[in-house]
Amino acid sequence: MKKTALISVYYKDGLLQFAKELIDRSFEIISTGGTSKFLKENNIPVTTVESITNFPEVLNGRVKTLHPGVFSGILAQKHNPEHIAQLKEHKLKSFDLVVVTLYPFAETIAKLDIKLEDAIEQIDIGGVSLIRAAAKNYSSVSVLVKQSQYDDYLNEFDKSNGNISNEFTLKLASYAFTLISKYDDEIKNYFRELTEKDSGLRYGENPHQKAYFEKTDFDDIFEVLHGKELSYNNLLDVDAAHSLINEFISNDPTSAIVKHGNPCGVATAKTLKESYLKAFKSDTVSPFGGIMIFNKTLDLETALEADKIFSEIILAPAFGDGVLDILMKKKNRRLIKFNFYTDTKESRTIAGGILHQERDNIIFNKEELKIVTNRKPDDKQLIDMEFAYKIVKHTKSNAVVFVKDLQSVGVGGGQPSRIDSTKIAVSKANQFGLNLKGSIVASDAFFPFADGLIATAEAGAIAVIQPGGSVRDDEVIKAADERGLCMVFTGYRHFRH
């Protein structure tokens, strides 16, 4: 049965051979403007879009495929008898394949001294619409958006005798939507730079890096009440602090101090002031220029203590009477009111793409906790274990956190080896005069060797919580038993890269 392909490409590389292969497989090719001319000049039989729309290209080529005669044939579902009947009634073609490459917007704006009107002319309208329509109707239409897909399509066509599988067309559709999303982002970013030069961030991670903040629901979560503009690094720290305090939404008064994305002091107590003083005691140096965040309304007593040192940002779900009057006296300090909020997805750009994953919104399942040592934890130790595991989850890997009486007493993270993180945590505790005897240790991942666990025992720890899962778990458990430690496996690792 003869099939129909619609081809409208900016980049002609590989097109001639691909078109010949389609003709050999009994395809009719319908094409637009420059693509049609190119194929005709190379003796490829082609039908022009105008012949099926009965309407010429207008507005210097700005409008050529935006017509029911084209989009009906792309969007018609071949398994829907009503759709097929309507195509026949109106003498409309049904498309099996749509091949589009877009105008080179990114390449155009990358040129020096490019004029706005020239950039605008490289914003593809019809091409994006064709791709979106074909991708939406992937169960009936295949969509190709780059030359490297040509051979893959032909191989799939031959392998299936022309009955392309939904699995294959779904992959094509997924890539197509990804491509047009990236294309739209390039256009959006270009226009943002033109229109928001004064509202962008002063700079990025470092002064020589340009940066801007693209908000989604930031203003629904945070309300900046006071202080100068938030910087790129401020925003990263705000996100880290907010993610951490979300773990304590239902806990007793909890204070956390964050510096460069890592917690340097966290504590829970009967009052917010007491929790703050305990958190500060965990590390009395790093809080200067850091970020403070609280899980309860910031009261005047706690605010007076927090005001004794300079912090970049103070965040709280609410500010009590008189608190803002005190804290606003420091002009460079930012004050932010926040709502508790937990995302379910997160993304990160890397070279060549975007990583997507579910957000790490679990600590551990209490019913799945596995006590692996002869010594068993008591109820108080289990409470400290959960507290410690919440903190270690938000510390850069490899991470080891010592906790005692719902207070962090040693935090080590961001090291290539777990033993190094352990040594840093112990060193921090010693630096600030904190006694690790009787403490609880949390590790974000398993101990690959017994040396890390032995170091925690020598520092005074009596219990360990970790995911487990090492090939040397038996060796680590044996070392714990020999030193009288109790150890619990959670089954949940919490890497933070």
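When Tyr276 is tested against (1) in a helix (DSSP H, G or I); (2) under 15 Å from Phe340 (Cα atoms), just one condition goes unmet, and that condition is (2).
When Asp405 is tested against (1) in contact with a helix residue (DSSP H, G or I) (Cβ under 9 Å, 6 or more places away or on another chain); (2) acidic (Asp, Glu); (3) outside the structural domain of Gly469 (by TED's automatic domain parsing), just one condition goes unmet, and that condition is (3).
Filtering segment 14-39 to residues that are surrounded by fewer than 18 Cβ atoms within 10 Å (Cβ to Cβ), in contact with a strand residue (DSSP E or B) (Cβ under 9 Å, 6 or more places away or on another chain) and either part of a loop (DSSP other than H, G, I, E, B) or among the basic types (Lys, Arg) (or both) leaves Arg25, Ser26, Lys37. With respect to the conditions (1) under 29 Å from Asp444 (Cβ atoms); (2) in a helix (DSSP H, G or I); (3) in contact with a Ser or Thr (Cβ under 7 Å, 6 or more places away or on another chain), Ser255 falls short on a single one, namely (2). On the basis of being part of a helix (DSSP H, G or I) and under 27 Å from Lys182 (Cβ atoms), does Glu82 make the cut? No: the conditions fail for Glu82. All conditions in (1) free of Cβ contacts under 8 Å to residues at least 40 places away in the same chain; (2) among the aliphatic types (A, V, I, L, M); (3) outside any loop (DSSP other than H, G, I, E, B) hold for Leu225, with the sole exception of (1). Any idea how many residues of segment 471-493 are in a loop (DSSP other than H, G, I, E, B) and either farther than 20 Å from Asp360 by Cβ or touching a His at 6+ places or on another chain (Cβ under 8 Å) (or both)? So the count comes out to 5. Contact map, segment 359-374: first residue outside the structural domain of Asp444 (by TED's automatic domain parsing), second residue in a loop (DSSP other than H, G, I, E, B) and exposed (fewer than 10 other Cβ atoms within 10 Å of the Cβ), Cβ cut-off under 6 Å, separation 6 or more or different chains; pairs are Arg359/Thr344. Can you find a residue that is at pLDDT below 85, among the polar types (S, T, N, Q) and in contact with a His (Cβ under 8 Å, 6 or more places away or on another chain) anywhere in segment 47-69? Yes, some residue in segment 47-69 is at pLDDT below 85, among the polar types (S, T, N, Q) and in contact with a His (Cβ under 8 Å, 6 or more places away or on another chain). Just give me the residues in segment 258-273 being buried (at least 23 other Cβ atoms within 10 Å of the Cβ) and in a helix (DSSP H, G or I), in sequence order. The one that is buried (at least 23 other Cβ atoms within 10 Å of the Cβ) and in a helix (DSSP H, G or I): Leu272.
Set side by side, the residues Ile465, Ile424 differ, and just one is in contact with an Asp or Glu (Cβ under 9 Å, 6 or more places away or on another chain), assigned by TED's automatic domain parsing to the domain that holds Ile391 and either part of a strand (DSSP E or B) or more than 17 Å from Lys370 (Cα to Cα) (or both), which is Ile465. For segment 155-165, the count of residues that are hydroxyl-bearing (Ser, Thr, Tyr), crowded, with 17+ Cβ neighbours inside 10 Å and assigned by TED's automatic domain parsing to the domain that holds Ile109 is zero. Condition test on Val98, is it of a type in the set (A, V, I, L, M) and in a strand (DSSP E or B)? The answer is yes for Val98. Against the definition (at pLDDT 95 or above, touching a helix residue (DSSP H, G or I) at 6+ places or on another chain (Cβ under 8 Å) and surrounded by 24 or more Cβ atoms within 10 Å (Cβ to Cβ)), how does Ile440 come out, yes or no? Judged against the criteria, Ile440 is a match.
Residue pairs whose Cβ atoms lie under 7 Å apart, sitting 6 or more positions apart in sequence or on different chains, and linking a residue in segment 189-207 that is loosely packed, with under 14 Cβ neighbours inside 10 Å to a partner that is at pLDDT below 85, are Glu196/Tyr212. Taken as a whole, segment 53-68 holds at least one residue that is touching a residue at least 12 places away in the same chain (Cβ under 8 Å), of a type in the set (S, T, N, Q) and loosely packed, with under 13 Cβ neighbours inside 10 Å. Restricting attention to segment 374-391, does a residue exist that is surrounded by fewer than 19 Cβ atoms within 10 Å (Cβ to Cβ), in contact with a strand residue (DSSP E or B) (Cβ under 7 Å, 6 or more places away or on another chain) and not polar (S, T, N, Q)? Within segment 374-391, one or more residues are surrounded by fewer than 19 Cβ atoms within 10 Å (Cβ to Cβ), in contact with a strand residue (DSSP E or B) (Cβ under 7 Å, 6 or more places away or on another chain) and not polar (S, T, N, Q). The sole residue among Ala459, Ala445, Ala463 that is more than 23 Å from Ile257 (Cβ to Cβ) and surrounded by fewer than 24 Cβ atoms within 10 Å (Cβ to Cβ) is Ala445. Whether a residue is at pLDDT 90 or above and either in contact with a Cys (Cβ under 6 Å, 6 or more places away or on another chain) or part of a helix (DSSP H, G or I) (or both) was assessed, and Phe191 does not pass this test.
The values are calculated or read from the model by the stated rules, or taken from the named source; none is laboratory data. Worth saying up front: this structure is predicted, and the values here are computed from it rather than measured. Every residue, glycine as well, gets a Cβ built from its backbone with ideal geometry; the counts of neighbours run over all protein chains shown.
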